[in-house]
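Okay, structure first, notes after.
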Amino acid sequence: MNRGWKIGLAVLVSFALLGTGRPSLAQDTPAPKATTLWVDQKTGQVFVRPGRGRVAMNFGASAEQIEEEVEQRTQQRTQDAVRAAVAETAAQQRFDNAELQRQVDQIKPAWTSYVSNFQNKFRLGALAYLDYGLCTHTGFGPQFLENMNPPGPYNNLYNSFDINRVYLNTYFTPTDELTFRFTPEIYRANGTATADKTGANSGFASNLDGSLNVRMKYAYVQYSGLFDRLPTLKGGTVTAGAQQNPLLGWEEDFSQYRFVYLSPWNYLGLSSSQIGLQFAGPFKPYGGEQTYLDYAFGAYDNGNFSTPEQSNTKQVMGRVTAYPFGSAWRYQGLGLTGFYNYGYGNVAPDIGSVPTLLKGSIAHFTRMSAILSYAAEQWNALGEFDYGQNAFQLGNLYRGSGPLDAFGTATGTGQTLGKYAGTTCSTNKPCYTYPNSYGPQTALYQAFLNNGRTRQIGLDFLGHYHIPGTKLTAFGMFQWFMPNDNVNKNPLDFQRFVAGVSYQYNEYLRFALDSQNLLFYHSQFSVPISYASKFGYVPGSTFNGRGLPTKGSIPNTVPLDTHAIFLNMEFAY
């Protein structure tokens, strides 16, 4: 019974729906509506209106249900679209990352190469010359080494630990052809400075006298690709700034003992660092690695790295070294070298144009050298002939130490009454007397060296020999020099010699034990004042506020010798 009324009810509902429907057009699709019928629970009859005992039955979806369904489906589609967009973005990101990694991989070798080769772009080097020196006999003369100023005569057994040189070499090479170098050095600031004043009544002492200071030694830019397209001249350089001059650096590298002794012209006053423009390089006419000619030349200030330029002229220097049989490495085999230097005194134009009797500081100067050398793996030797004009003056002679009279202060006790050696003495003009003074001798040396007409002659030998199977090397240097050979018998003619042995501890550290000596080789003699007058000595004139002798001879004109023993150390990195 129940099953039958349910079937009948379903059929009736179907007919009711068909009866209330109408054809649907594509352009007219009404929203579906919910249909409600009422069923009598006792009889099972279906009614279209509500009534007693009747229960409502709904067919189809309501508007709220449809809206909810649409909202759910829209939300689902939105979520699907978002998930699809995120997946697409992730895929694009993975592609972009892969592309970026590919580009980075292409860039990476460049910066990796720069970092890994940074030592070739920027590097530091250190150099130190340290020593202990014992002067068994002291005397006046040039420096044996830089920053050494031992006291003069009668200070035998003077000894000291010294710092001769400290370099911190900085090199920057942005390209293979371009190099920048900056090298500061340690130097001793000699000279008595006056106290400084501050305020009306306050002052403080100077700390410059004898202190170790820092100054610039080398600062230059060098371009090495000047002649790279010419095989015979490849390796040529052009350098601007404070740099090694064409001779001294070449000769110091040949000797290999700059930490022990100065090369000949350097000992006589030629600066190792000049400010100017220089061209240098090898000449290889047959290609390959054999060098047959090595050159360096340039124009420079008349001053140098330690003195400001004052003149309106410039000096020129040039060196040419020929290797007749070719040289596979620097200095190898037989070498023939010529050096030339010409310039003027480093004084302002308004001083250089004033006529003066002793014009050594403003006269032109010339230096020339002819050198014969030979270098093998275990030994080398060099012979040198030197010629100069006005190239050695009183300041060069006393570069190490000298009498106070050479620096403006009279020595000894002056005579204030009567006459002495033909010169009238007074309290306003005391007379120099013998033998308690260096004044007359200093005035004589100044006349011999600073008259503007001097000529220098020198002969030098140096070399070393490495003892096979050991770390020991014997070395030596001999210098004979005539400061002015226009003087018939010059008391300042001297010989200098160095002899010693070195020990190579490792590639950075080397020691040397050596003897260095300066000998004024003439026997003691006097110089007639009449002869000294030919070179600019003025009898009876005032020198350091005192009267010079007028008649007779100046005695004790040959300076005392200097002998020293050194223990040298070189650190080079």
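The values are calculated or read from the model by the stated rules, or taken from the named source; none is laboratory data. Just so it is clear, the model here is predicted, and its values are computed rather than measured. Virtual Cβ from ideal backbone geometry, glycine too; neighbours counted across all protein chains shown. Side chains are part of the model used for accessible areas, which takes the heavy atoms of the whole protein and leaves out ligands, DNA and RNA. Shrake-Rupley method; radii C 1.70, N 1.55, O 1.52, S 1.80 Å.
Tabulated values for the structure
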{"item": "Only one of 281, 276 that is outside any loop (DSSP other than H, G, I, E, B) and buried (at least 20 other Cβ atoms within 10 Å of the Cβ)", "result": "276"}
{"item": "Count - residues of region 281-303 that are under 22 Å from residue 239 (Cβ atoms), over 24 Å from the mean Cα position of the chain (by Cα) and free of Cβ contacts under 8 Å to residues at least 40 places away in the same chain", "result": "2"}
{"item": "Pair list, Cβ < 9 Å and 6+ apart or interchain, from region 65-78 residues that are closer than 28 Å to residue 35 by Cβ to residues that are loosely packed, with under 11 Cβ neighbours inside 10 Å and modelled with pLDDT under 75", "result": "66/31"}
{"item": "Residue in region 401-410 that is more than 30 Å from residue 271 (Cβ to Cβ) and either among the basic types (Lys, Arg) or in a loop (DSSP other than H, G, I, E, B) (or both) present", "result": "yes"}
{"item": "Pick from region 115-159, criterion open to solvent by 20 Å² or more (accessible area, probe 1.4 Å) and of a type in the set (Ser, Thr, Tyr), ranking: modelled with the lowest pLDDT", "result": "116"}
{"item": "Residue satisfying condition, being modelled with pLDDT of 75 or more, of a type outside the set (Gly, Ala, Ser), open to solvent by less than 90 Å² (accessible area, probe 1.4 Å) and touching a helix residue (DSSP H, G or I) at 6+ places or on another chain (Cβ under 9 Å), within set 46, 55", "result": "46"}
{"item": "Matching residues in region 305-342 - criterion: being out of contact with any Gly (no Cβ under 9 Å at 6 or more places or on another chain) and either part of a loop (DSSP other than H, G, I, E, B) or surrounded by fewer than 20 Cβ atoms within 10 Å (Cβ to Cβ) (or both)", "result": "305, 306, 307, 308, 328, 329, 330, 331, 334, 336, 342"}
{"item": "Filter result (part of a strand (DSSP E or B) and crowded, with 16+ Cβ neighbours inside 10 Å) within region 521-535", "result": "527"}
{"item": "Considering residues of region 466-498 that are part of a strand (DSSP E or B) and polar (S, T, N, Q) only, the residue nearest to residue 527 (Cα to Cα)", "result": "495"}
{"item": "Meets criteria (farther than 15 Å from residue 519 by Cα and touching a Leu at 6+ places or on another chain (Cβ under 9 Å)) for residue 479", "result": "no"}
{"item": "Flag if residue 568 is crowded, with 17+ Cβ neighbours inside 10 Å, assigned to a strand (DSSP E or B) and touching a residue at least 24 places away in the same chain (Cβ under 8 Å)", "result": "yes"}
{"item": "Residue count for region 553-565, restricted to those that are assigned to a strand (DSSP E or B) and open to solvent by 40 Å² or more (accessible area, probe 1.4 Å)", "result": "3"}
{"item": "Residue 413 vs. criteria in contact with a Cys (Cβ under 9 Å, 6 or more places away or on another chain) and either open to solvent by 60 Å² or more (accessible area, probe 1.4 Å) or of a type in the set (Asp, Glu) (or both)", "result": "no"}
{"item": "Output for region 420-442, where each listed residue is closer than 30 Å to residue 480 by Cα, in contact with a Leu (Cβ under 9 Å, 6 or more places away or on another chain) and open to solvent by 10 Å² or more (accessible area, probe 1.4 Å)", "result": "438"}
{"item": "Verdict on residue 86 being at pLDDT 75 or above and touching a helix residue (DSSP H, G or I) at 6+ places or on another chain (Cβ under 8 Å)", "result": "no"}
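Condition check ((1) charged (D, E, K, R); (2) more than 19 Å from residue 555 (Cα to Cα)) across all residues:
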| position | (1), (2) |
| --- | --- |
| 480 | no, yes |
| 485 | yes, yes |
| 489 | yes, no |
| 492 | no, no |
| 495 | no, yes |
| 499 | no, yes |
| 506 | no, yes |
| 509 | no, yes |
| 514 | yes, yes |
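Here's the yes/no breakdown for (1) within 31 Å of the chain's Cα centre (by Cα); (2) open to solvent by 20 Å² or more (accessible area, probe 1.4 Å); (3) among the hydroxyl-bearing types (Ser, Thr, Tyr):
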site: 506; (1), (2), (3): yes, yes, no
site: 519; (1), (2), (3): no, yes, no
site: 537; (1), (2), (3): no, no, yes
site: 551; (1), (2), (3): no, yes, no
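To keep it simple, each residue is scored yes or no on (1) over 22 Å from residue 163 (Cα atoms); (2) modelled with pLDDT under 85; (3) out of contact with any strand residue (DSSP E or B) (no Cβ under 6 Å at 6 or more places or on another chain); (4) not β-branched (Val, Ile, Thr).
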{"residue": "190", "(1), (2), (3), (4)": "no, yes, yes, yes"}
{"residue": "195", "(1), (2), (3), (4)": "yes, yes, no, yes"}
{"residue": "200", "(1), (2), (3), (4)": "yes, yes, yes, yes"}
{"residue": "207", "(1), (2), (3), (4)": "no, yes, yes, yes"}
{"residue": "211", "(1), (2), (3), (4)": "no, yes, no, yes"}
{"residue": "217", "(1), (2), (3), (4)": "no, no, no, yes"}
{"residue": "220", "(1), (2), (3), (4)": "yes, no, no, yes"}
{"residue": "223", "(1), (2), (3), (4)": "yes, no, no, yes"}
{"residue": "227", "(1), (2), (3), (4)": "yes, no, yes, yes"}
